[in-house]
Each structure stands twice: as C-alpha cells, then as structure tokens.
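Peer 1: Dropping a structure here in structure tokens format, bear with me for questions.
The values are calculated or read from the model by the stated rules, or taken from the named source; none is laboratory data. These figures come from a predicted structure and were not determined experimentally. No Cβ is skipped: glycine too gets one built from the backbone with ideal geometry, and neighbour counts run over all protein chains shown. The accessibility values were calculated without ligands, DNA or RNA, using every heavy atom of the protein model including side chains. Shrake-Rupley method; radii C 1.70, N 1.55, O 1.52, S 1.80 Å.
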Amino acid sequence: MPLARSLSVTSLSGLEDGDEEFDLEDAVLFEIAWEVANKVGGIYTVIQTKARLTSEEWGENYFLVGPYVESNVRTQVELIEATNPILKRTIEKMNSSGCKVYFGRWLIEGSPYVILIDVAFTAWSLDRWKSELWELCDIGVPWFDREANDAVLFGFLTAWLLGEFAAQCEEPPHIVAHFHEWLAGLGLVLCRQRQLPIGTIFTTHATLLGRYLCAGNVDFYNNLSEFNVDKEAGDRQIYHRYCLERAAAHCAHVFTTVSQITAIEAEHLLKRKPDIVTPNGLNVKKFSAMHEFQNLHAQSKNRIQEFIRGHFYGHLDFNLDKCLFLFIAGRYEFSNKGADIFLEALARLNYLLRVNHSDVTVIAFFIMPARTNNFNVETLKGQAVRKQLWDTAHTVKERFGKKLYESLLVGQLPDVSKMLDKEDFTIMKRAIFATQRQCQPPVCTHNMLEDSSDPILNSVRRIGLFNSSADRVKVIIFHPEFLSSTSPLLPMDYEEFVRGCHLGVFPSYYEPWGYTPAECTVMGIPSISTNLSGFGCFMEEHIAEPSAYGIYILDRRFRGVDESCNQLTSFLFQFCKQSRRQRIIQRNRTERLSDLLDWRYLGRYYIAARHMALAKAFPDTYVYEPQEHTSTTGFRYPRPASVPPSPALSRHSSPHHSEAEENDDDEHYDEDLEAEKDRVNIRQPFKNRSVPGVNGNSNSVLTARWGESTTQHKLKINQDCWSTNTG
C-alpha cells in the first residue's frame, strides 16, 4: 500500500492565538501511566518532561497516577498527606477497603502530585477481576503473562480510584482522565463500561502489534492494509494484550498518538483513526550565549577521549584530535532501531575512508542495555593502565619541576640533559612496557551472557571490524548498559555523553517518535533519523532542508535496505569530510531548532486533546462549533543562505571544504545574523492557544473561548485547517 504523505501537525508559528484562555477552575485532570515515577522506557520521559507545563496549566487539579515501586519512591517521591479533601476521602476509603494507595509529590520539575497504587498488595483479587473482565469484554488473560496480570490489577484499581473520586464529589465533577499505553488502557475501558462522568483520552506511543511485526522482519509499512490483525496477534501470543489496547482506543472519547506515521499504523492495526496527533517535546534549556553549549561539547568530548585512551592502550596509533564520535542508543531492538544497517554502513564507510586515504578516525558507540554478568576484564584493565600512566607522568613532572625550580633559584639556566636522571627514565620505560598489548582492544565493554548469539557481536564478526591499524573505523564499542556517572569505565551521564559526541545515528525502521534524535537536537548535536520515525517526519515537515540544520533524514520508506545503507554511508562519509569549523557552524544551527521541540510549543496538542475530551464527555457545558474552512499557508524553516553545512551541499557561491583549518577563517559567516534570521520564523512560547488536530476524516484547529455565561464554554473547531496563517 503506498503511503501518501499527509501532514501530522501544522506549522507551529502559523497558529492563530486564542483570545482568552480555557477555564479549568472546576475541572480535574488525572494522567495515568505505568511509567509515572517508574522508568521503563520513553513514556517516562514524556510524562516527566511534560509535568511542569501541565502543572502550570491545571495547578492543584492535576494528579499523576502510577504503580507504587518502593525502590523508585525512595529516591523520586516525597510522600505527603493528600491536600485535596475529596481525594483525601477517596484514598482513605480505598485503603480501608483493602488497598494501599499513596499520595505525594514527584521530585521533578513542576513537582506534580502523584497517586501511587500498590498493585501487588491487591493481587488476591486478580482471579476475580479476570473473571469480571471476561464477562464484560470477552478478554481472557493467561496466568503466565505477568505484565498483562499487572495491567489487569492496575486497570481495575485505577477505575476504582476514579469512580470513588467521582462519588465523593458533592457537585457533578468535570474530570478528564488521560491514559497512556495498553498497560493503563483497561482502566479507561472500565470507566466507560461503568458510565463514570469522566472525559477519557487514550494515547498510544507505539502499537503493540506494530512493534512485534517489525521485530519479525516483515515488510511492515507496505502491507499495513493486508495484515490479518487477529491472526498476527494470536501467532505472537499477544492477542489478549492487543485486545486491551484496541478496546481502550475504541472506548476513549479522544484517541491520540505521537506522530503521523503512527497514526497511519494505528488506523490499520487498531481500526480507529486518531483524533489528534500529539508530538513529544522536551524542556529546553536555552543558553544566554551560543558558545556556552559549544564549551560543554568540548568538555564532554575530553572525557570521552580519556576513556578512548584507556580502551586503546597499546594500540593508540591514531590522532584523537581527528576522531569523530558517533553513537546509537535506545532499546536493544537490533532491526527496529536500525543497528543492522548502521553496522553495515560503518563497514562501507571504513572502505571509503581507507581508499581516500583519510586521516579521520571514526569511533562508534552502541549504548543498548543487554544481558551481561560483569565488566570485561580487559576493558577495566585499560582504564587502570591509563590511570597508572597518568600517575607516572605526574610523578616525573613533579621531579622535573622541582629540579627546574632549584636551578632557577640559584640564577642558572637548567641543563636539560640533567633534568631527567636514570631513575626517571626507568620509571617511564616501565610505564611504556606496561602498555604493551598482544590482543586487539575489546569490542564489548562487558561479558555478554549470550555472546555467540548476540546480533551486534555477530555482525561485527561478519563485517570484520576488529580495530586493526589499517581500519579508519577504528572501533565499535558496545556498551550494553545505561550510562552512569558512577560507572568505573565511562563515568558519564547520558546527557553529558551525548554532548561530547559529534553525531547521533538512529536509522530506525520502527520509531513512533524518537526521543534520542530529539535530545541530540536540543543539545546542538547533529543526528541521522529516518522518514519512518515520528521525529524525522516532523522535521521534514517543518524544515525546508533538514540536512542544512544537522538533521539528516534517511529514506527507509521508499528504498530497499541496500539503498538505504548506501544513503547512510554517504551521510556518514560527507560528515567525515567536514572541517572543524563547519561542524561548529552546523551545531549552532542544530541547537537553534530546539524551540521546535519545546513543550511550550508542543504541549498545545495535549491541551487540545483534553479540551476535546471535555466537550465530548460534557456536551451540556462544552460545545463544538464548526467553523468554515480557511485556506492558508504554513511555515517551513528555510535553507540557511550562508556557509554550507557539509561539502556535499557546497555550491560555487559558497566556500568549499579546505584541508587546512586556518583557511576556514576566510569564509563569510555571521552567526548572530543567521541566528536572527531563523528566530524571526518562530514565535515565543505561549499557553493555551489554538491547536491543530484530527477529527474524523478532516483535520481541525481547536480554539477555546470563554462565553458570556460562567458555566458555558465553547470549543470552536476549524475544519480541514492543518496549515494556518503565519501572520
């Protein structure tokens, strides 16, 4: 099935401002997810980073609901007594009925209230609730699926909490409940089945069946309309999970997903078209001066170089100042995350660099958690040898400095031949002998439990990148563990590590949004994404020439694997040909795109979804009023007019790549002027304004206005208006 390109969201700067803010004084928002104060995957980042903006909008009427995990609560949550009297009575009633419900503040930006439910404490009700689920929905959950069992317990407890809260309200409440992913979806289904007075939203960040199908190496996007979804889910033994997800999608007042590519997927696999697309954002920290984040890059790069010195002791036959650090990070899904074509592209890049006699060395990191039993001894030894060499150099330096000082004190120039005695040479020779190594530096930093069947290690063996002296892609470092500042190997947090790299490579085949390239962008690090990722489609939509801003979009939708691999190799090779100054300019451009990914902009889509849910759940209070279609034009970031971001895009009117760094100073480039040209194309952040979305077969913009009556709110929907006036 050909996938015609349809816009997921309109231009951010083209949105019309609403006249007044939407009144939320008598409304309450519950946001329910398994990853509230419980880091499992990317949804944790969505909720954590969005909490500050949502708290500012809803104030004391915003509550996050998640599972109680003691180890997480100890470090992330401050348990307190419920401040809302209705909620306090609700929690007391549930606790007296055999539940364990906790209330507190999540210690993140915005300090939102959290309600944490101890799922294990009510496990005695599991069989009874499974029977009820079968009677109500004809969904049977097998006993051996622990994750699905948790979803059943969490769903019934969440519905109990919301139902009890509604019952404790003296006046009819206006409640919005936003459920994330299938693990929380059963609570939504039960709320609708029990006819609770709640406006419901269901957001799927990635469909279950889509993830499983892509992991099975099927031609997913060209066969979306051909899949027998029931059979495919049954064959993979996830039919009960799929039913929970599909039921939640169909029962919700408002169904959302995170990108247009996932919206197409959801329409075919879950059989419902999303009402609105809600892209994921980040809290963007802006620097007062451009050089600040460049300095952070240099500092973090130096720390990575220290790790490289230790990892390659005895084989450090390349210039670290001409090294480029590339990385891929995320869940260990070898094909879905594109690790397969990244490895193949590295092998082809190695050939191109060798035949072109390049002096650039590429070092690639794979940060993908996998099953290990300990650190690799050889890797630990490398860091110990590096530290020993540093201590030896420091000792000799102290001795040299003392002799120099004493010579100058007596008014004599030192005799250089006598500054280092025999003992000093002996110490240095011993240090040099200690760095000798008979084997190649290890590819993996840990001992893998399944070394012989690990897909990354097997691919490395196949392509033959074993860090020989002739290889320009010198090393592939597989770090199967989350980065931590307390690690004895690479003591860096993930953010610090990303800042120190030169390029993030994420050639995913299945990536509903893609937080890793988004995080690179806000930190000013160029990245490679694909047109099958939500992030890639979003950037293609908003930037006229993404590669000019350091956002390389790999075509995996309309090209075969080999063609995509060649394109990725071309991107990497052209990046390697950039001069240092060109990379600095490109990082400046990349960092300026961070406004596009700020929750202050993207949060409006979640605001729209909540307003839609209120209007559908409480039609007597909140009303849709369709407006006539307005034909207007959206905004796209233009191509920068000055220095090209890479040699491949150089034109005769622009300076070409120069081997000599000093020649780069002749290039005409005014950073402040170019930054100002970009900034005029995007507005400053603002709160509840008009928001684009999808409604039925047409797209819409939603504007909230306060009417004459203090109890009557009107939501105006502008049909078919994806692109709006840029003003």
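Peer 1: If you build the convex hull over the alpha carbons only and average its shadow over all orientations, what do you get for the range 164-317? Give it in nm² to one decimal.
Peer 2: 16.9
Peer 1: Please list, in chain and number order, the residues 5+ apart from residue 205 or on another chain whose amide H is under 5 Å from its amide H, with Hs placed from the backbone.
Peer 2: 181
Peer 1: If you wrap a convex hull around the C-alpha atoms of the range 59-139 and split its volume per residue, what is the figure in Å³?
Peer 2: Enclosed volume per residue, from the Cα hull, is 126 Å³.
Peer 1: When a/c reaches 1.5 or more, the comparison of a/b and b/c decides; with that in mind, is the range 258-334 rounded, prolate or oblate per its Cα gyration tensor?
Peer 2: oblate
Peer 1: Using r as the Cβ-Cβ distance of residue 144 and residue 96, and R0 as 22 Å, what FRET efficiency do you calculate, to the nearest 0.05?
Peer 2: That pair, residue 144 with residue 96, gives E of 0.10.
Peer 1: Once you place label points 7 Å from the Cα toward the Cβ at residue 78 and residue 462, how far apart are they in nm?
Peer 2: My value for the distance between the label points is 5.3 nm.
Peer 1: For residue 303 and residue 438 in the same chain, what is the full-extension length gain: residue separation times 0.36 nm, less their Cα-Cα distance, in nm?
Peer 2: My answer for the length gained is 46.0 nm.
Peer 1: In µm²/s, what is D for the range 27-277 at 37 °C and 0.692 mPa s, where D = kT/(6 pi eta Rh) by Stokes-Einstein and Rh is the Kirkwood radius from Cα pairs?
Peer 2: My calculation gives 177 µm²/s for D.
Peer 1: Let me ask something additional. Using the Kirkwood radius built from alpha carbon pairs, what does the Stokes-Einstein equation give as D for the range 393-441 at 20 °C and 1.002 mPa s, in µm² per second?
Peer 2: Answer from the Stokes-Einstein relation: 171 µm²/s.
Peer 1: Shifting gears a bit: So if I take the alpha carbon set of the range 340-404, get Rg, then get Rh from the Kirkwood formula, what is the Rg over Rh ratio?
Peer 2: Reported Rg/Rh, Kirkwood definition of Rh: 1.21.
Peer 1: Find how many whole Å separate the alpha carbon centroid of the range 339-400 from the alpha carbon centroid of the range 557-580.
Peer 2: What the calculation gives is 23 Å, centre to centre.
Peer 1: Give the accessible area for residue 139 in Å² (nearest 10); use a 1.4 Å probe, count only protein heavy atoms, and leave out ligands, DNA and RNA.
Peer 2: Ignoring ligands and nucleic acids, residue 139 comes out at about 10 Å².
Peer 1: R0 = 30 Å: FRET efficiency of residue 398 with residue 486, Cβ-based, nearest 0.05?
Peer 2: E(calc), rounded to 0.05, equals 0.50.
Peer 1: Size of the dipole of the range 393-441 about the Cα centre, Lys and Arg at +1 and Asp and Glu at -1 on the beta carbon, nothing else charged, in debye to 20?
Peer 2: That gives a dipole near 220 debye.
Peer 1: Using amide H atoms built 1.01 Å from N in the peptide plane, name the residues 5+ places from residue 532, or on other chains, whose amide H lies under 5 Å from its own.
Peer 2: Result for residue 532 returns 556.
Peer 1: How high is the relative contact order of the range 470-579, in percent, with contacts defined as C-alpha pairs under 8 Å that are six or more residues apart?
Peer 2: That works out to 17 percent.
Peer 1: From the cross-link list 50/301; 402/422; 39/616; 50/337; 387/418; 50/88, which pairs have alpha carbons spaced over 22 Å apart?
Peer 2: Result: 50/301; 39/616; 50/337; 387/418; 50/88 exceed 22 Å.
Peer 1: In addition: So how much accessible area does residue 506 have, in Å² to the nearest 10, using a 1.4 Å probe?
Peer 2: Approximately 10 Å² of residue 506 is accessible to the 1.4 Å probe.
Peer 1: Taking H placed 1.01 Å from N in the peptide plane, check which residues at least 5 places from residue 276 or on another chain put their amide H under 5 Å from its amide H.
Peer 2: So residue 276 has HN proximity to 255, 257, 694.
Peer 1: By how many nm would the segment from residue 291 to residue 419 grow when fully extended, if each residue of separation counts as 0.36 nm and the alpha-carbon distance is taken off?
Peer 2: Stretched fully, the residue 291-residue 419 segment lengthens by 42.0 nm.
Peer 1: Output the relative contact order of the range 319-423, whole-number percent, from Cα pairs under 8 angstrom with separation of 6+ residues.
Peer 2: Answer for the range 319-423 is 30 percent.
Peer 1: If contacts are Cα pairs under 8 angstrom and at least 6 residues apart, what is the relative contact order of the range 219-279 in percent?
Peer 2: Once normalised by length, the contact order is 31 percent.
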